[in-house]
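Engineer: Pasting a structure here, questions to come.
The values are calculated or read from the model by the stated rules, or taken from the named source; none is laboratory data. As the structure is a prediction and not an experimental result, all values here were calculated from the model. With ideal geometry, Cβ positions are generated from the backbone for all residues, glycine too; neighbour counts draw on all protein chains shown. Areas reflect the complete protein model, heavy atoms only, side chains present, ligands, DNA and RNA absent. Shrake-Rupley method; radii C 1.70, N 1.55, O 1.52, S 1.80 Å.
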Amino acid sequence: MTGILEEVSELYPLWHDVFKTGIKGNVTLLKEKSSSDAKWYKEEQETEDGKEEIEKGYLLTGCELSRSITISWKLREMSMDEFKTYIQNKLAKAMGAALAYGVIKGKGKVSEETPEPKGILTTLIEEDGKPHIVEYTSDTDKLDYKKMTLAMSKIKSLHMKGACIYAENQTIWNQLANIVDATGRPYFIPDPTSGGVGRIFGLVVKEDDSIPTGGILVGNANAGYHANINKQVTLDSEEYKKKRQTCYISYAIVDGAVRTTDAFVYIAQKTEMDILAKEIKAAAAKADKEK
């Protein structure tokens, strides 16, 4: 799977950038609420014990992810050797798309029927007052320099080093690339050597197909999101001899959640955010009904 997942990382750099661990079992994310400052002391004075207040955050348990393709023996035998490789690539890309979806839009474990990682957008929308979301309306408002600087101000300074801008191709070239200064010069600088497609305000812009069209995620994925992988993505096959079929299946156990919202800000049209909010509300209502 290694080579195939490298290709997936190119399609979905946000998944590639998030902080990952391979801890077996459940993992509780911890968050520091407060910490006492250091003090100045006289030479003979003993140093006091510091005080840290830590709170338990989201519990990563492990969500199963799988995809299968079943083909007949006849089709397998009459196909070229490359057909098997084609199937494996299709499975890997489908898994990559699901991993990327989990990081950006996963609903979390609100439903016992369909548990998912908890995505960045889901977490930002659920915050009181949505302080890390910048909305605009295409009719009366537009994505401009002021909207971008407002978004930058919502990320804590300690997370700015390592932050990137994630958006899909149309949004990059139709919106980000057209933000200009007072003289008409674009702020966006094309630069494929930077690890993305260019830079704006000093941050690398990365094309990511998991970001909804029109939306722009700015953030430090490594500092802000934690994905725990209980089982890496694997490929296997199973023979059904009476049916004369072969099932190719991919499987993984992964969970993830936002460690701190201070590392992210999302820019999008208000209509898009209203749709996402309705989806999250509907998923929560369905979970309550199941309970």
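Engineer: Would you point out which residue out of LEU91, LEU124 is in contact with a His (Cβ under 8 Å, 6 or more places away or on another chain), open to solvent by less than 50 Å² (accessible area, probe 1.4 Å) and touching a residue at least 40 places away in the same chain (Cβ under 8 Å)?
Structural biologist: LEU124
Engineer: Please give the number of the condition TRP73 fails out of (1) of a type outside the set (Gly, Ala, Ser); (2) more than 30 Å from VAL258 (Cβ to Cβ); (3) exposed (fewer than 13 other Cβ atoms within 10 Å of the Cβ); (4) in contact (Cβ under 8 Å) with a residue 12 or more places away in the chain.
Structural biologist: The failed condition is (3).
Engineer: Let me ask you something else. Is it the case that region 136-151 has a residue that's surrounded by 15 or more Cβ atoms within 10 Å (Cβ to Cβ) and touching a Ser or Thr at 6+ places or on another chain (Cβ under 7 Å)?
Structural biologist: no
Engineer: Inside region 53-67, can you point out the residues that are free of Cβ contacts under 8 Å to residues at least 60 places away in the same chain and either open to solvent by less than 100 Å² (accessible area, probe 1.4 Å) or among the hydrophobic types (A, V, I, L, M, F, W, C) (or both)?
Structural biologist: Scanning region 53-67 gives GLU53, ILE54, GLU55, LEU59.
Engineer: Here's a follow-up. Checking the condition at pLDDT 90 or above and not acidic (Asp, Glu), which residue from VAL218, VAL233, VAL180 passes?
Structural biologist: Exactly one residue qualifies, and that residue is VAL218.
Engineer: How many of the residues making up region 192-204 are open to solvent by less than 40 Å² (accessible area, probe 1.4 Å), of a type outside the set (S, T, N, Q) and more than 13 Å from ASP17 (Cα to Cα)? Before you say what the answer is, go through the steps one by one.
Structural biologist: Restricting attention to region 192-204, the residues satisfying the condition of being open to solvent by less than 40 Å² (accessible area, probe 1.4 Å) are 194, 196-198, 200, 203-204.
When the remaining residues are screened for being of a type outside the set (S, T, N, Q), the result is 196-198, 200, 203-204.
When the remaining residues are screened for being more than 13 Å from ASP17 (Cα to Cα), the result is 197-198, 200, 203.
Here the count works out to 4.
Engineer: Additional query: Evaluate the following for LYS107: is it surrounded by 12 or more Cβ atoms within 10 Å (Cβ to Cβ), charged (D, E, K, R) and touching a residue at least 40 places away in the same chain (Cβ under 8 Å)? Before the answer, list the steps.
Structural biologist: Working: surrounded by 12 or more Cβ atoms within 10 Å (Cβ to Cβ): yes; charged (D, E, K, R): yes; touching a residue at least 40 places away in the same chain (Cβ under 8 Å): yes.
When the stated conditions are applied, LYS107 passes them.
Engineer: I would also like to ask the following. Among the residues that make up region 280-288, is at least one of them touching a His at 6+ places or on another chain (Cβ under 7 Å), in contact (Cβ under 8 Å) with a residue 24 or more places away in the chain, open to solvent by less than 20 Å² (accessible area, probe 1.4 Å) and part of a helix (DSSP H, G or I)?
Structural biologist: No: region 280-288 contains no residue that is touching a His at 6+ places or on another chain (Cβ under 7 Å), in contact (Cβ under 8 Å) with a residue 24 or more places away in the chain, open to solvent by less than 20 Å² (accessible area, probe 1.4 Å) and part of a helix (DSSP H, G or I).
Engineer: Right, here's the next one. If I ask for residues that are touching an Asp or Glu at 6+ places or on another chain (Cβ under 8 Å), of a type in the set (Gly, Ala, Ser) and either more than 16 Å from SER9 (Cα to Cα) or open to solvent by 60 Å² or more (accessible area, probe 1.4 Å) (or both), which ones from region 205-249 would you list?
Structural biologist: GLY214, GLY215, GLY224
Engineer: Let me ask you something else. Looking only at region 10-52, how many residues end up being open to solvent by 90 Å² or more (accessible area, probe 1.4 Å) and in a strand (DSSP E or B)?
Structural biologist: Total satisfying the criteria: 4.
Engineer: What about LYS286, is it at pLDDT below 85 and either over 14 Å from ILE104 (Cα atoms) or not basic (Lys, Arg) (or both)?
Structural biologist: The answer is yes for LYS286.
Engineer: Go through region 193-229 and report how many residues are among the aliphatic types (A, V, I, L, M) and more than 10 Å from the chain's Cα centre (by Cα).
Structural biologist: So the first thing to find is which residues in region 193-229 are among the aliphatic types (A, V, I, L, M), and the list is 197, 200, 203-205, 211, 216-218, 221, 223, 227, 229.
Filter once more, keeping what is more than 10 Å from the chain's Cα centre (by Cα): 197, 200, 203-205, 216, 218, 223, 229.
Within region 193-229, residues that are among the aliphatic types (A, V, I, L, M) and more than 10 Å from the chain's Cα centre (by Cα) number 9.
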